[in-house]
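The values are calculated or read from the model by the stated rules, or taken from the named source; none is laboratory data. Quick caveat, the model's predicted, so the values are computed rather than measured. Cβ: placed from backbone, ideal geometry, glycine included. Neighbour counts: every protein chain shown. We work out accessible area using only protein heavy atoms, side chains counted, and drop any ligands, DNA or RNA first. Shrake-Rupley method; radii C 1.70, N 1.55, O 1.52, S 1.80 Å.
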Amino acid sequence: RLVHLDLKGAAPRAQYLEQVLPLLRTLGATGLLLEYEDTFPYTGPLELLQAPHAYSPEELQALLSWARAQGLDVVPLLPFPLQFVLKHRQFAHLREVKELPNALNPHKEESLALVKAMIDQVMALHQDLQWFHIGCDEVYYLGEGEESKQWLQQQNNTPEKLCLSHIKAVATCLAWSYPMVTPIVWDDMLRGMSEETLAESGVPQLVQPMIWDYATDINVEGKVQLIEKYRRCGFSKVWFASAFKGATGANQSLTLIGHHLRNQLEWLQVAQRSPADVLEGIALTGWQRYDHFAVLCELLPVAIPSLAVCLQALKNGGYSEKVKENVENLLGMPNLEIETFMSPSLGTFPGSNVLTLVTQISFHLKASVDELLERNRYSTGWFSPYHRKRKIIHPIIVHHLQPDAVRLFSKWNAVVQDLQAAMEQVFHSCAIEEWMEENVHPHLQKLQEVVDDLDEA
């Protein structure tokens, strides 16, 4: 049971992860799937890939030793097709399509040299790895570059074969240098391919596919058949991938636990109907962005109750009142609610104050500002946009409206300051700034403007 930490947005501080890892182990995690992206401490020509908040080698070594101390296997994930690399001008010449940083050009020797250099640097900081996830999902636009178009014109060449040869090249890169490590790939590019195409490619002997589906109705029968197909093609083992957050909306700020719990229960059904020797494990994904260029979705502390419910359901083979009580005790959260968003009661798990304040803001900030500006009769009747633009107001209306506006503004300022302080314990300033600009500033700014307009009028 791998917990996926998607570090391409709002990457938690190392100290916060140190607090969280023992909880993950207690809840039932047996490993971490670490999607480093631009938070890995690359060196040499790759150093420019590092984000300003990337982990230092010392922080990463500490994180890996904390994981070992908790008995958690670590599986690094390098997300080929490498959007976070191809966005840089220095690597733009390796794009499959010149204008788009979506896919690596598979025909250039330099592309494979880049892949190998990145794998080598990640491997150098990890010990005793059993698996290495090489991504290979959603490789959009592969086959649309000029060199690929020429390749596809040759006899018997198809987009499927191009994709498989790319996967094979990346997997072989890993296998040659690190024969004890098994590559894992996302399976979405493989699902629709014929058994014959897959079997002939040689890919099934090299990698283990991770079948992902984050829905509440994942077509259990279809998944069982897909596993059987992969077995017939020559794949020795398969993985499943569920989700505990980051799969219900690109700009989602709160996690609906019930959705993710139902997703785990569906996967348990698939596991029960699959041969016991075929399943290697499951990764509970926790996406932090839908892709490298998307906004932030739910922050990790906000989703810890969902992760706890999901892990406990998988560990216990289902969800019951007893499992619910166990989760409530481990998180210090009485009355855990799974079918509606959490009521903002404080838990005792690391970062629970972030969840409480984010819930308060998500539920009430916009609603309270809209109430003041769009449903307050003094605002709509005597201080409309027309009046505000011309700074005209009846003096008595100031007495009716201004105290409410100032009170609301003061209240939310205090909440936001508390959230800022809570988030600083977990995140770097760039993540806090982004979350605030997306979720707080637009509404606070409206309030600030009405307070200023009342003063001036």
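Here is how the numbers come out for the structure above:
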quantity	calculated
Residues of segment 270-281 classified as part of a strand (DSSP E or B) and within 18 Å of Asp217 (Cβ to Cβ), total	0
Pair list, Cβ < 6 Å and 6+ apart or interchain, from segment 127-151 residues that are farther than 14 Å from Pro76 by Cα to residues that are among the polar types (S, T, N, Q) and surrounded by 16 or more Cβ atoms within 10 Å (Cβ to Cβ)	Tyr140/Asn102; Tyr141/Asn102; Gly145/Asn105
Candidate set from segment 76-115 (those that are of a type in the set (Gly, Ala, Ser) and surrounded by 17 or more Cβ atoms within 10 Å (Cβ to Cβ)); member that is modelled with the highest pLDDT	Ser111
Leading residue by the ranking (farthest from Met436 (Cα to Cα)) among those in segment 218-252 that are basic (Lys, Arg) and touching a strand residue (DSSP E or B) at 6+ places or on another chain (Cβ under 6 Å)	Lys237
In segment 116-155, the residues that are within 30 Å of Trp66 (Cα to Cα), modelled with pLDDT under 95 and surrounded by 15 or more Cβ atoms within 10 Å (Cβ to Cβ)	Gly135, Cys136, Asp137
Leu444 vs. criteria out of contact with any strand residue (DSSP E or B) (no Cβ under 8 Å at 6 or more places or on another chain) and within 24 Å of Ala250 (Cα to Cα)	yes
Filter result (closer than 19 Å to His441 by Cβ and surrounded by 17 or more Cβ atoms within 10 Å (Cβ to Cβ)) within segment 362-380	Ser362, Leu365, Val369, Leu372, Leu373
Pair list, Cβ under 8 Å, 6 or more apart: segment 323-344 residue within 10 Å of Pro305 (Cβ to Cβ) and outside the structural domain of His364 (by the TED database), other residue of a type in the set (Val, Ile, Thr) and at pLDDT below 90	none
Pairs where the first residue, in segment 243-261, is among the aromatic types (Phe, Trp, Tyr) and crowded, with 19+ Cβ neighbours inside 10 Å and the second is in a strand (DSSP E or B) and at pLDDT 95 or above, C-beta under 6 Å, 6+ apart	Phe244/Leu284; Phe244/Gly286
Candidate set: segment 272-293, residues that are of a type outside the set (Val, Ile, Thr) and free of Cβ contacts under 8 Å to residues at least 60 places away in the same chain; chosen: the one nearest to Glu35 (Cα to Cα)	Tyr290
Index of the failed condition, Thr356 passing every other in (1) among the β-branched types (Val, Ile, Thr); (2) open to solvent by 10 Å² or more (accessible area, probe 1.4 Å); (3) assigned by the TED database to the domain that holds Glu433; (4) touching a residue at least 60 places away in the same chain (Cβ under 8 Å)	(4)
Residue in segment 180-196 that is in contact with a His (Cβ under 9 Å, 6 or more places away or on another chain), in the same structural domain as Thr285 (by the TED database), touching a residue at least 60 places away in the same chain (Cβ under 8 Å) and crowded, with 22+ Cβ neighbours inside 10 Å present	yes
Failed condition for Gln417, given (1) surrounded by 16 or more Cβ atoms within 10 Å (Cβ to Cβ); (2) farther than 20 Å from Leu7 by Cα	(1)
Residue that is surrounded by 18 or more Cβ atoms within 10 Å (Cβ to Cβ) and at pLDDT 95 or above, where the choices are Gln445, Gln425, Gln402	Gln402
Neighbours by Cβ (under 6 Å, 6+ apart or cross-chain): first from segment 382-395, free of Cβ contacts under 8 Å to residues at least 60 places away in the same chain; second among the hydroxyl-bearing types (Ser, Thr, Tyr) and open to solvent by 100 Å² or more (accessible area, probe 1.4 Å)	none
Checklist (1) part of a helix (DSSP H, G or I); (2) buried (at least 21 other Cβ atoms within 10 Å of the Cβ); (3) not acidic (Asp, Glu) applied to Lys168, failing item	(2)
Considering residues of segment 198-217 that are within 21 Å of the chain's Cα centre (by Cα), within 15 Å of Glu280 (Cβ to Cβ) and among the aliphatic types (A, V, I, L, M) only, the residue surrounded by the fewest Cβ atoms within 10 Å (Cβ to Cβ)	Ile211
Residue within segment 224-242 that is in the same structural domain as Leu164 (by the TED database), touching a Cys at 6+ places or on another chain (Cβ under 7 Å) and surrounded by fewer than 21 Cβ atoms within 10 Å (Cβ to Cβ) present	no
Residue tally, condition exposed (fewer than 11 other Cβ atoms within 10 Å of the Cβ) and touching a Leu at 6+ places or on another chain (Cβ under 8 Å), over segment 381-399	0
Residue within segment 306-318 that is open to solvent by 30 Å² or more (accessible area, probe 1.4 Å) and either over 23 Å from the mean Cα position of the chain (by Cα) or in the same structural domain as Gln425 (by the TED database) (or both) present	yes
Members of segment 207-228 found to be assigned to a helix (DSSP H, G or I), over 23 Å from His259 (Cα atoms) and among the β-branched types (Val, Ile, Thr), listed by number	Ile227
Qualifying residue in segment 333-351 (condition: part of a helix (DSSP H, G or I), open to solvent by less than 70 Å² (accessible area, probe 1.4 Å) and either under 22 Å from Ala247 (Cα atoms) or touching a helix residue (DSSP H, G or I) at 6+ places or on another chain (Cβ under 8 Å) (or both))	no
